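No lab work stands behind these numbers, since they all come straight from the coordinates. Bear in mind that the values here come from a model prediction, so they are computed numbers and not experimental data. We place every Cβ from the backbone using ideal geometry, glycine too, and count neighbours over all the protein chains shown.
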């Protein structure tokens, strides 16, 4: 399998604070990686480095074949990122928002409806302002905005946050399906099992580097 | 040929971003419900401050109009980037598959429409409150368009620079006002000529605003991606 993420001795600094301190990690296409670790372990920083939102200070970093030290913007059109916040326009209606995200990546209008139905946003909410939704419903809209883009690399930070148990299971199914279709998924979570169930590999981080890797040979 | 032109990615992306921004504003009603009434209120307050002296108001109408546009426009520019930073949207804005030039042009276009509508409201206010008489409608229209374009592109360029900053609410006006001051001056002079209170080179002032707009557009097209990334 070709490598989707290849980090070798990567150091990244946010402000004056080192957030990645010599990270070595290789992620192959189709893998579902669960990132674990205490608060401040570097999980979010790793995800943001993969997205090119934190620049790499030293080491070698390649994402989807792009050298992140040369152009960290290049792989973004193939990446779906969901952080702690939902990245939603609160004043737009649900469908309008997902439609905008779909159009931005060149997806068809019909994909919008399919994505919303897939993540379990009922039709009666499609014409409701996002700002009036519950936290869980907003999370689902954020996930639908990713689904509609069919990313090759999913970077998810606590994606199950605010979701009820049924929606969590549904998200796991969505991620498993995406993986079967060739997408690579890296997600950080503090959830107890069964979230681990969809992960093909568990990586424990601490101090900005990998402490333990269940897939290490 | 024409159909192919409309399908060019930059134009399509520009319209997509502009439509999104305008839709957000249409739903939120901030521009219509808060900024326009506030700008109108400024015109009223200025009229009171000048003691409703009709000849003085007539003489200063052009300048007072552009002061109100400056104030209202700054609020609209700030609002345009508040939307992009709310709920972590800046990450999505940076991660967007839409090219940086299209983001710049799209946001500028949306601001152009909003500031243009604000100017229509303020123009009506000036006509009613300040008793002005237009002697050159063409110059008035061209100067208004030139000023609006200049305000929009300058606003987006400086708005993105302050977007990532925690203190942007106070810093953006501080950065913007000196940049917008030449537009205010040129707009005021052009309007004074169009309103017949000054026999001056109104068209030269209007042209100056187009030059300011062109310079900022060129900088924006080239640097918006970098500023978005490093802002």
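Okay, here's what the table says:
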{"item": "Angle between chain A longest axis and helix A:109-119 axis [Cα atoms, degrees, rounded to 10]", "result": "80"}
{"item": "Overall Cα dimensions of the range B:56-159, principal axis frame, Å, largest first", "result": "51, 25, 17"}
{"item": "Longest to shortest principal axis, alpha-carbon extents of the range A:19-92, angstrom", "result": "42, 31, 27"}
{"item": "Potential extension, residue B:167-residue B:141 segment - 0.36 nm per residue separation minus Cα distance", "result": "5.7 nm"}
{"item": "Contour minus Cα-Cα distance for residue A:110 and residue A:213 (0.36 nm per residue)", "result": "33.1 nm"}
{"item": "Degrees between helix B:168-194 axis and first principal axis of chain B (Cα, 0 to 90, nearest 10)", "result": "40"}
{"item": "By average C-beta atoms within 10 angstrom, highest first, the peptides A:39-47, B:168-176", "result": "A:39-47, B:168-176"}
{"item": "Three semi-axes of the equivalent ellipsoid, chain A, Cα gyration tensor, whole Å, largest first", "result": "29, 18, 16"}
{"item": "Computed E for residue B:51/residue B:219 - FRET, C-beta separation, R0 45 angstrom, nearest 0.05", "result": "0.55"}
{"item": "Pairwise centroid distance, computed over Cα atoms, of the range A:1-37 with the range A:50-64, Å", "result": "8"}
{"item": "Rounded to 10°, Cα long-axis angle of helix A:165-180 versus longest principal axis of chain A", "result": "60"}
{"item": "Chain B, relative contact order in percent, only Cα pairs under 8 angstrom and at least six apart counted", "result": "27"}
{"item": "Debye log10 I(q)/I(0) at q = 0.09, 0.18, 0.19 Å⁻¹ for the range A:60-183, Cα point scatterers", "result": "-0.25, -0.95, -1.04"}
{"item": "Helix-only [θ]222 nm of chain B, DSSP H runs n ≥ 4, -39500 (n - 2.57) each, per residue, nearest 500", "result": "-29000 deg cm²/dmol"}
{"item": "Two-decimal log10 I(q)/I(0) for the range B:2-228, as the Debye equation yields it once each C-alpha is a single scatterer, q = 0.08 Å⁻¹", "result": "-0.30"}
{"item": "Calculated SAXS-style log₁₀ I(q)/I(0) at q = 0.05, 0.12 Å⁻¹ - the protein assembly as shown, Debye, Cα scatterers", "result": "-0.23, -1.00"}
{"item": "For the range B:137-231, Kirkwood radius (reciprocal of mean inverse C-alpha pair distance, Å)", "result": "14.0"}
{"item": "Over chain A: helical MRE at 222 nm, DSSP H runs n ≥ 4 each giving -39500 (n - 2.57), nearest 500", "result": "-8500 deg cm²/dmol"}
{"item": "For the range B:61-91 and the range A:66-108, distance of Cα centres in Å", "result": "25"}
{"item": "Inter-site label distance for residue B:97 and residue A:84 at 7 Å from Cα along Cβ, in nm", "result": "2.9"}
{"item": "Approximate spin-label separation residue A:164-residue B:34, in nm, with each point projected 7 Å along Cα-to-Cβ", "result": "3.4"}
{"item": "C-alpha center-to-center spacing [the range B:112-138, the range A:138-154] in angstrom", "result": "45"}
{"item": "Projected label distance in nm at residue A:28 and residue A:190, using a 7 Å step from Cα toward the beta-carbon", "result": "3.3"}
